Amino acid sequence: MRNKEIWLISDTHFSHSNILKFTDDNGELIRGKLFDTVEQMNECMLDNWNSVVKPGDKVYHLGDVFMGDKETFIKLWKKLHGTKNLILGNHDDAKFFARHELVAKIQMWRMFPELGLMLTHVPIHESGLRRGSPTDETAPMLLNIHGHIHQNPSPTEHHRCVCVEQINYTPINIEELRVK
């Protein structure tokens, strides 16, 4: 029998049609070079998600889940495998997710001290990643798994971005990120 697994993903922006027009610093389309329509983007992320996440698994979505028609989103969201937990992003409506029982938990952050991980939407300051005192520069560091910055590089070696643009639009297994 297969163990339940934990998966991470951020900034799916399901149904956000305007995101297809976003460009990088060089003026190149980011998602728009891969997807012609928001429906194509949604379908790709749904297929990728269900290709790795199994029904009994747990998923932490690190925020900015969707923008657009709520009823369309609910239908799509219910097709995604796994028990979903939300680390609240700056574009998420916690009341909407709670009212429609779309996630098991809504949190601002989640620590996995046994794995050396801190999950957030926005990358947090490095001083907040020290185990023990924030001023003890010899203290071991947690790895901040975050979203929010899309295709941009994480601020330090103690940060790892799981925005869809950086993980091939597919949830990543938590075991690939754990601090040894």
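Since every read-out is calculated from the coordinates, none of them should be taken as a lab result. Keep in mind it's a predicted model, so treat the numbers as computed, not measured. Note that each Cβ is placed from the backbone with ideal geometry, even for glycine, and that neighbours are counted across all protein chains shown.
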Query raised in the report: Any idea what the relative contact order of segment 120-180 is, in percent, if you count C-alpha pairs under 8 Å spaced at least 6 apart?
Result: 28
Query raised in the report: So how far, in whole Å, is the C-alpha centre of segment 90-137 from the one of segment 1-67?
Result: 19
Query raised in the report: What ³J(HN,Hα) values, in whole Hz, does the Karplus curve 6.51 cos²θ - 1.76 cosθ + 1.60 give for segment 141-147 when θ = phi - 60°, with x put for Gly and Pro?
Result: 9, 7, 9, 8, 8, 9, x
Query raised in the report: How much FRET efficiency would the formula 1/(1 + (r/R0)^6) give for T72 and T138, where r is the Cβ-Cβ distance and R0 is 41 Å, rounded to 0.05?
Result: 0.20
Report task. Run the dipole for segment 1-133 about the Cα centre, Lys and Arg Cβ at +1, Asp and Glu Cβ at -1, nothing else charged, and hand back the magnitude in debye, nearest 20. Result -> 660
Query - Convex hull (Cα only) mean projected area of segment 84-180, reported in nm² to one decimal - result: 6.9
Query - Principal-axis tilt of helix 38-52 within the chain, Cα atoms, nearest 10 degrees - result: 50
